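See structure below.
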Amino acid sequence: MKTEIKKLDKSQIEVEFKLSAEEFQEYIEKALLQLKDHVKMDGFRKGHVPASMVEEKVGKENLLMEAGDLAVKKSYHAFLKENNIEAIGEPDVQILKIAKGNPLLFKIKVSVLPEIKLPDYKEIVSKVDGKEITVEPNEIEEALNYLQKSRAKFSQVNRPAEAKDFIEIEYQNKDINDGKEVKDRFILGEGGFLKDFEDNVIGMKAGEEKEFIAKFPPASNAERSSAGWENTPRKDLGGKDGSFKVKMILVQKMELPEINDDFAKSLGAFDTLVALKENLKGGITLEKQESERQRKRGEILNKISGKIAFDLPEKMVEYEEKRLFEDFKNQISQNVKIDFGQYLASIKKTEDEIKKSFKLEAEKRIKNFLTLRQIGKSESIEVLEKELEEEISKVLKSYSKEQLEKPFGATQGKFDIGELKEYTKGAMFNEKVFEKLESFSKI
């Protein structure tokens with residue numbers, strides 16, 4: 001077998017194969033043997049029909065196609081193994097010449113994992129500084145206030161709603177949820193809604209209805225967030241007046257417990273308020289340490305991959321684009337609660353435009369994935385089967401019976417243990433690579 005390799009862009013190769021007439025004849029004979037088991041003829045036992053009669057029965061073209069299929073598969077896999085090439089997805093095969101008594105010529109085009117020349121990543125890691133972790137008093141106070149609100153007592157009142165009351169409302173606006181009725185619950189005056197809206201709701205009693213104009217917050221994400229309207233899909237409404245019809249369903253007075261030693265004791269594990277604050281400080285510290293660890297890992301990976309240039313496999317990028325797009329669609333469905341078609345209409349974009357918006361992120365993720373993979377190979381990192389089985393066992397224990405009956409990841413059917421195993425192995429491998437990289441840090 002002779003091969004001629006041609007490198008293409010986007011991490012693809014084109015390989016031309018040439019099998020001699022003698023080599024191809026061997027595949028023709030193998031094809032005849034396989035076909036004999038499926039050919040039935042009177043007077044012959046199954047599998048004992050003479051080769052010449054089998055060929056006549058199935059036809060010369062079908063025999064050549066069967067032989068060609070065998071030759072392509074065997075030759076292609078042998079080529080990958082001999083050249084230590086890792087292919088991605090199924091190859092495109094083009095038969096150039098096929099005839100009995102002649103050489104077989106065919107061409108294959110396939111995406112492959114690129115060759116990656118790593119920079120001195122140990123040196124890069126040694127120069128990435130970590131940030132000092134501190135917990136400010138106001139952060140502890142915010143955590144205390146959250147706990148305080150979680151232990152608040154609510155009592156229904158028959159009076160106009162005031163700031164700090166917990167209310168339940170129904171409202172309508174032609175630009176939200178297709179004008180259909182929306183229910184919501186929040187604490188008045190704490191930014192749960194846009195300010196104009198809340199100002200108009202203050203003073204309403206349970207059962208009362210009201211129509212008013214409220215201004216949507218500006219279009220920028222920061223301003224929208226500060227106005228309590230960051231979850232609306234309609235950025236095009238920024239700064240415009242909206243007509244609302246509101247019905248007050250329920251008004252509840254919220255009574256907050258006093259923050260003292262007794263409050264700390266009520267939480268179960270603390271004798272004093274000081275002990276509770278120390279515990280909160282410890283929890284916030286752990287959160288910040290984890291956040292810093294992820295930030296530092298991101299910086300390390302970005303700096304290493306920034307020193308590398310290679311063609312990204314198009315098929316991998318396309319798959320990641322599709323996965324990101326599907327995740328986005330699911331988030332819209334779960335968080336915004338509207339049909340995706342309606343969402344596209346509301347932001348005046350097409351599905352293709354949304355898909356294309358994920359291309360840069362997909363390229364970044366694939367480049368980082370391949371960079372980590374190459375570092376792992378350089379450091380001889382692997383996930384042992386025993387380690388994987390132990391981790392899978394832990395993961396499965398955290399799932400309920402109902403969760404195990406639901407789809408996992410991209411799987412459309414029942415929970416797929418094979419998919420979970422593949423995902424877990426990848427996560428464990430990445431963790432090991434990052435731990436190895438962190439061992440080169442001076443901090």
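Full extension of the chain between K307 and N279 gives 5.8 nm of extra length, using 0.36 nm per residue less the Cα-Cα distance. Annotation for region 165-219: trypsin sites (Lys or Arg not before Pro) lying in DSSP loop with at most 13 further Cβ atoms inside 10 Å of their Cβ are K174, K180, K205.
Since only S439, I338, L64 are under comparison, the one whose Cα sits farthest along the positive direction of the charge dipole of the chain, derived from C-beta charges on Lys, Arg, Asp and Glu, is L64.
Cross-link partners for K303 among the lysines, with Cα-Cα distance under 21 Å and sequence neighbours closer than 8 places in the same chain left out: K117, K122, K127, K131, K359, K364, K367, K377, K432, K436, K442.
What FRET efficiency would be calculated for the residue pair F440, K180, taking the C-beta separation as r and a Förster radius of 60 Å, to the nearest 0.05? Don't skip to the end; give the middle numbers.
Numbers: r = 57 Å, r/R0 = 0.94.
My answer for the efficiency is 0.60.
In region 119-192, a dipole from Cβ-located charges (positive for Lys and Arg, negative for Asp and Glu) runs towards its positive end, and of A161, Q172, A143 it is A161 whose Cα lies farthest in that direction.
State the extension gain, in nm to one decimal, for the chain segment bounded by I85 and E123, taking 0.36 nm per residue of separation less the distance between their alpha-carbons. Intermediate values should be presented prior to the final figure.
Numbers: separation 38, 0.36 × 38 = 13.68 nm, distance 2.94 nm.
Between I85 and E123, full extension yields an extra 10.7 nm.
Inter-label distance, K253 to M65: 8.4 nm, where each label sits 7 Å from its Cα along the C-beta direction.
Which FRET efficiency value, to the nearest 0.05, is calculated for K386 and A152 with the Förster distance at 45 angstrom and r the Cβ-Cβ distance? Calculated value: 0.35.
Multiply the residue gap between I202 and S393 by 0.36 nm, knock off their C-alpha separation, and tell me the result in nm, one decimal place. Don't skip to the end; give the middle numbers.
Details: separation 191, 0.36 × 191 = 68.76 nm, distance 5.32 nm.
Gain in length upon complete extension: 63.4 nm.
Under 1.5 on a/c is rounded, so check that first for region 270-422, then, if it is not, pick prolate when a/b is larger than b/c and oblate when it is not; a ≥ b ≥ c are the square roots of the alpha carbon gyration tensor eigenvalues.
Values: a/c = 1.37, a/b = 1.18, b/c = 1.16.
Cα axes put region 270-422 in the rounded bin.
Calculate for the chain the 222 nm mean residue ellipticity that helices alone would give, adding -39,500 (n - 2.57) per DSSP H run of length 4 or more and normalising by residue count, nearest 500 deg cm²/dmol.
Details: 16 runs with 212 residues, N = 443.
Dividing the helical sum by the residues of the chain leaves -15000 deg cm²/dmol.
Tally Lys/Arg at +1 and Asp/Glu at -1 over every other residue whose Cβ is under 13 Å from the Cβ of L384; what's the total?
Values: positive: K386, K425, K432; negative: E382, E385, E387, E389, E390, E391.
Net local charge, L384 excluded: -3.
Between Q342 and S243, the distance separating the two model label sites (each 7 Å from Cα on the Cα→Cβ line) works out to 2.0 nm. This structure gives semi-axes √(5λ) of the Cα gyration tensor in Å, computed directly, and of [x] 39, 23, 20; [y] 61, 31, 23; [z] 35, 27, 21 that value is listed as [y].
Over the chain, Cα pairs under 8 Å with separation of 6+ residues give a relative contact order of 15 percent. Give me the angle, in degrees from 0 to 90, between the Cα long axis of helix 273-305 and the longest principal axis of the Cα atoms of the chain, rounded to the nearest 10. The answer is roughly 30 degrees. Electrostatic bookkeeping for L188 treats Lys and Arg as +1 and Asp and Glu as -1; over the other residues with beta carbon under 12 Å from its beta carbon, the sum is -3. In this simple spin-label approximation, E422 and S400 carry label points 7 Å from Cα along the Cα→Cβ vector, and these lie 2.8 nm apart. Report the calculated FRET efficiency for E326 and R295 (r = Cβ-Cβ distance, R0 = 30 Å), to the nearest 0.05. So the FRET efficiency works out to roughly 0.65. For the chain, the longest principal axis of the C-alpha atoms and the axis of helix 385-397 are separated by about 40°. Axis angle, to the nearest 10 degrees, between helix 60-83 and the longest C-alpha principal axis of the chain: 60 degrees.
Each of F197, F186, L118 was scored by the projection of its Cα onto the charge dipole of region 102-215, and the greatest displacement toward the positive side belongs to L118; charges sit on the C-beta of Lys, Arg, Asp and Glu.
Near K307, no amide H atom lies under 5 Å from its own; only residues 5 or more places off or on other chains count, and H is placed 1.01 Å from N.
Just so you know, all these numbers are worked out from the coordinates, no wet-lab data involved. What you see is a predicted model, and the numbers here were worked out from it, not measured in a lab. Neighbour counts run over all protein chains shown; Cβ positions are idealised from the backbone, glycine included.
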